[in-house]
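So the structure is just underneath, and the comments pick up after that.
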Amino acid sequence: MNALLDIRGLTIDIDRDSGPARVVDGIDLTVAEGESLGIVGESGCGKSLTMLSLVGLLPNRIRATGGVADFAGKDLLAMSSEELRRLRGSQIGFIFQDPMTSLNPVMRVGAQIAEALVYQSGMAKPAAMERAAELLELVGIPSPRDRLMAYPHELSGGMRQRVMIAIGLAGSPRLLIADEPTTALDVTIQAQIVDLVRDLKDRFGMSVVWITHDLALIAGLADRIAVLYAGTVVEDSPVDVLFERPTHPYTRGLLASLPTLTDKPMSRLPSIAGTPPEPGRRPPGCPFAPRCALVTAVCTTSVPRLAPVAGSAPGHRAACFVTAGEGAS
Amino acid sequence: MTDGTIINPPEDRPSSLWRDAWRRLRRNRLAVAGLVVLAVLVFVAAFGPWLTPYDFLSQNLDARNLPPSLGHPFGTDDLGRDVMSRVIYGARTAFLVAVLVTVVAVLIGVVLGAIAGFYGGRFDKTLMWVTDMTMSVPQLLLVVVINASLKQPISLWMEARYMETMNPLYRNSAIIDFVLVFGSMALISWPPYARLVRAQVLSIRNRPYVTAARALGLTNRIILTRYVMPNAVGPLIVAISAGLGTAMVLESAFSFLGIGVNPPTPSWGNMISDGLRVWTNYPHLLLAPAAVLAVVTVAFNFLGDGLNDALNPKGQK
Ligand SMILES: Nc1ncnc2c1ncn2[C@@H]1O[C@H](COP(=O)(O)OP(=O)(O)OP(=O)(O)O)[C@@H](O)[C@H]1O
Ligand SMILES: [Mg+2]
């Protein structure tokens, strides 16, 4: 498969008054054409910033300072802001976390979907509204023609997230980036949204990047999963391999903290002790070393690199001296 | 998935944002009272010349300084002019000045404030500096300075135009007064609007729906005009309502001090000023314009408060 998106060595710094603080520290990720990649990791590990940096939407005082991000053969990080603007929506679509606040409260949803078609692709208004109705139907909204005239506050959270997906799809992007799109929704609606995105992906052959805290939720959607910790990729693997043979101690901790049906009711789930390092305050060695049960001397002095996991399936890589290297157990 | 996930029934839909606000406003009695007073004011200002029982300039030296009566509900002044007719004509002046000043000030303030808040940078810094300076100098002082420095050149220019065209309009000193009053008042009135809009834009430009609009590849101009500004109008409407009242008071204050609208054009301010000289003998000459000015100002404040509550139902503190 060809890589549609290929990120190598991406670094992102926050420009603090006390000097730059590194939040994303050399991330490597690839997404193949038609593939869906799940990205998991603790809050604050840099998942959102990584994705925003691709399309030039980083907040003030935060900048991508190194690396390349090839998208369809062109480096996104080297593009002008105007080139990136043209790319947004039409090549790379976004779905954001909070459907309650990600829609313009004073604009009817039909107009919001048609917006990109009118202003970005120069489609005539009536045609754009027609297309908006089709998109609403596509994302499973009943009586879509009536809903075009609704304001966001008149729709439930699940409906709004469907509208957000319709907006994300409006420009027929090749890559859809979904940043925790179900975190704010009920569990049953979450599953519906995951199913919907999977259907749409298969239908249009899009690539999807799905950011989440919830490993169990994307197990059914992702082809591959990348585990982020403190601004680096610590493990990257086909989804079934990851569940079968989690390698990095952090991934093992994440999986162990998933509830299973065999757990005793009300029993405590294991959690990983400690907190991730603050941006700019990384330990010299492996960023996970201070919380790691398997820590050795080398872990506190050198940084492990993402390397193929010995004896595992191809495409399974992890960054750990203890569990991933040659002869590791 | 069923229709049950949609919260509101469909018939409740179109423009319900503004309709909700209107419903809340109507429940507020003081705001409604303010609205009624202002509606009367607008009506009187618009149709004044057809409503006044007497011409506001016609003097009747046999009927000077009469107390209120059936024929002259607000009495007459020292030249025998009907005070009610003059108060009505004064409403025209007050309203015209307030609306024009506010329109100009709001236009300047909205454009500058929106650009500064949205794009930031050096323009923003400069604008904030200018508004700080303007707002830290007493308004009256500023108007006196602007008036003094503009009166001469404008009069000269008008005279030159008159010589060129022989159009008597250019010798009408009332026009010069109006231009000066508007001009200087607008010049001191826009900074608060600019700051308000800038603060609004600053808080809105990082909202998730603006980021979502950027992620759609919309241009800055469209994001500013369709996503940011429409969400900033609530507080602006409240400020405009209060600002109209303030502009009326300002106009009266300047006319009172003799730097605004000059006699014989009636303005509540110059009527109050005239009335003040003789109020011990003829209190109605002071009371009539002062009471009307007070009522109108209070009406604007009630309406402003009501709008504030109606437009920010969650922001009640
Ligand atoms: N606008 C900002 N200003 C300053 N720091 C920021 C800003 N946005 C993010 N950060 C910091 O950058 C780091 C990474 O943020 P990011 O939003 O990418 O995390 P995330 O992995 O998406 O977390 P979450 O799961 O909570 O969304 C965090 O430590 C956060 O504090
Ligand atoms: Mg995030």
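The values are calculated or read from the model by the stated rules, or taken from the named source; none is laboratory data. Because the structure is a prediction, the values reported are computed rather than measured. When we count neighbours, we look across all protein chains shown, and the Cβ atoms used for this are built from the backbone with ideal geometry, even at glycine. In case anyone asks, the SASA skips ligands and DNA or RNA and just uses the protein heavy atoms, side chains included. Shrake-Rupley method; radii C 1.70, N 1.55, O 1.52, S 1.80 Å.
Being open to solvent by 20 Å² or more (accessible area, probe 1.4 Å) and free of Cβ contacts under 8 Å to residues at least 60 places away in the same chain is the filter here; which residues of the range B:214-238 pass it?
B:R214, B:T219, B:R221, B:T225, B:R226, B:P230, B:N231, B:V233
So, in the range A:45-62, exactly how many residues are part of a helix (DSSP H, G or I) and either away from ligand 2 (no atom under 16 Å from the Cβ) or farther than 26 Å from A:L258 by Cα (or both)?
Selection size over the range A:45-62: 3.
Given (1) closer than 26 Å to A:L10 by Cβ; (2) within 16 Å of ligand 1 (Cβ to nearest atom); (3) more than 14 Å from chain B (Cβ to nearest Cβ), where does A:I177 come up short, assuming only one miss?
Among (1) closer than 26 Å to A:L10 by Cβ; (2) within 16 Å of ligand 1 (Cβ to nearest atom); (3) more than 14 Å from chain B (Cβ to nearest Cβ), A:I177 violates only (3).
Any idea how many residues of the range A:42-67 are of a type in the set (D, E, K, R), more than 11 Å from ligand 1 (Cβ to nearest atom) and either open to solvent by less than 40 Å² (accessible area, probe 1.4 Å) or not assigned by TED's automatic domain parsing to the domain that holds A:T183 (or both)?
So the count comes out to 0.
Just give me the residues in the range A:93-118 being surrounded by 24 or more Cβ atoms within 10 Å (Cβ to Cβ) and among the charged types (D, E, K, R), in sequence order.
A:E115
Report yes if B:V145 is of a type in the set (A, V, I, L, M) and touching a helix residue (DSSP H, G or I) at 6+ places or on another chain (Cβ under 8 Å), otherwise no. Spell out how you get there, then give the answer.
Values: of a type in the set (A, V, I, L, M): yes; touching a helix residue (DSSP H, G or I) at 6+ places or on another chain (Cβ under 8 Å): no.
For B:V145, the condition - of a type in the set (A, V, I, L, M) and touching a helix residue (DSSP H, G or I) at 6+ places or on another chain (Cβ under 8 Å) - is not met.
Within the range B:194-213, how many residues are more than 11 Å from chain A (Cβ to nearest Cβ) and open to solvent by 20 Å² or more (accessible area, probe 1.4 Å)?
Qualifying residue count for the region: 7.
Please work out which one of (1) assigned to a loop (DSSP other than H, G, I, E, B); (2) at pLDDT 80 or above is the condition B:T280 fails and give its number.
Failing condition for B:T280: (2).
Is it the case that A:P105 is modelled with pLDDT under 90 and within 19 Å of A:V197 (Cβ to Cβ)?
Here the answer is no, as A:P105 does not meet what is asked.
Scan the range B:282-310 residue by residue and report those that are of a type in the set (A, V, I, L, M, F, W, C) and touching an Asp or Glu at 6+ places or on another chain (Cβ under 9 Å).
B:L285, B:L286, B:A310
Does A:G34 qualify as being open to solvent by 30 Å² or more (accessible area, probe 1.4 Å) and either assigned by TED's automatic domain parsing to the domain that holds A:V209 or away from ligand 2 (no atom under 16 Å from the Cβ) (or both)?
Numbers: open to solvent by 30 Å² or more (accessible area, probe 1.4 Å): no; either assigned by TED's automatic domain parsing to the domain that holds A:V209 or away from ligand 2 (no atom under 16 Å from the Cβ) (or both): yes.
No.
Filter the range A:68-99 down to the residues that are β-branched (V, I, T) and within 21 Å of A:I167 (Cα to Cα), then identify the one that is nearest to ligand 1 (Cβ to nearest atom). Working first, answer last.
First pass over the range A:68-99, keeping only residues β-branched (V, I, T): A:68, A:92, A:95.
In the following step, the residues that additionally are within 21 Å of A:I167 (Cα to Cα) were identified as A:92, A:95.
Working: A:I92: 17, A:I95: 14 Å.
Residue satisfying both the conditions and the ranking: A:I95.
One line per residue, one yes/no per condition, for (1) modelled with pLDDT of 85 or more; (2) part of a helix (DSSP H, G or I); (3) touching a Cys at 6+ places or on another chain (Cβ under 7 Å):
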site	(1), (2), (3)
B:A242	yes, yes, no
B:T246	yes, yes, no
B:A253	no, yes, no
B:V261	no, no, no
B:P264	no, no, no
B:S273	no, yes, no
B:V296	yes, yes, no
B:L303	yes, yes, no
B:A310	no, yes, no
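What do you reckon, is A:S90 hydroxyl-bearing (S, T, Y), at the interface with chain B (Cβ under 8 Å from one of its Cβ atoms) and either buried (at least 21 other Cβ atoms within 10 Å of the Cβ) or touching a residue at least 24 places away in the same chain (Cβ under 8 Å) (or both)?
For A:S90, the condition - hydroxyl-bearing (S, T, Y), at the interface with chain B (Cβ under 8 Å from one of its Cβ atoms) and either buried (at least 21 other Cβ atoms within 10 Å of the Cβ) or touching a residue at least 24 places away in the same chain (Cβ under 8 Å) (or both) - is met.
Please verify whether B:A288 is crowded, with 24+ Cβ neighbours inside 10 Å, within 14 Å of chain A (Cβ to nearest Cβ) and in a helix (DSSP H, G or I), treating the condition exactly as stated.
Here the answer is no, as B:A288 does not meet what is asked.
Using the structure shown, decide if A:E42 is within 16 Å of the chain's Cα centre (by Cα) and either outside any helix (DSSP H, G or I) or more than 9 Å from chain B (Cβ to nearest Cβ) (or both). Lay out the reasoning, then the answer.
Numbers: within 16 Å of the chain's Cα centre (by Cα): yes; either outside any helix (DSSP H, G or I) or more than 9 Å from chain B (Cβ to nearest Cβ) (or both): yes.
Judged against the criteria, A:E42 is a match.
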